[in-house]
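Asker: Take a look at this one; I'll ask things after.
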Amino acid sequence: ADYSDLHSLRAADWNVNSARNNLYFDNVACDYDSDDCDRPAHSEAVNSTAKNSVAFQPPRHQRGDIARSIFYMATRYDGTDDNTE
């Protein structure tokens with residue numbers, strides 16, 4: 001059964017990954033002094049990261065790789081083939 005793929009795995013700092021939790025990847029617009037979001041998303045993360053209560057913005061230099069991985073998984077496991085729910 002096709003339920004996973006190594007293309008979706010990425011090396012990550014465990015502290016930063018823990019800060020992401022299960023938040024969606026998205027653009028997070030916030031000011032540096034805002035109370036409703038964190039920039040950077042974690043003290044160990046680069047300044048181009050951010051997070052709020054619903055989304056996590058990954059580092060600028062990794063956004064393309066993450067987008068390609070998500071696109072691949074959505075295309076490959078779209079549910080139209082047997083065992084690809």
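Asker: As an exercise, take the mean of 1/r over every pair of distinct alpha carbons in region 9-56, invert it, and state the Kirkwood radius in angstroms.
Answerer: Hydrodynamic radius (Kirkwood, Cα pairs) of region 9-56 is 10.8 Å.
Asker: Going from most exposed to least, what order do Tyr77, Tyr24, Tyr72 have by accessible area with a 1.4 Å probe?
Answerer: Final ranking, largest accessible area leading: Tyr24, Tyr72, Tyr77.
Asker: Within a Cβ distance under 14 Å of Phe25, other residues only, what is the Lys/Arg minus Asp/Glu net charge?
Answerer: So the surrounding residues net to +4.
The values are calculated or read from the model by the stated rules, or taken from the named source; none is laboratory data. Note that the structure is a prediction, hence the values are computed from the model and not measured. All Cβ positions, glycine included, derive from the backbone under ideal geometry; neighbour counts span all protein chains shown. Side chains included, ligands, DNA and RNA excluded: accessible areas come from the protein's heavy atoms. Shrake-Rupley method; radii C 1.70, N 1.55, O 1.52, S 1.80 Å.
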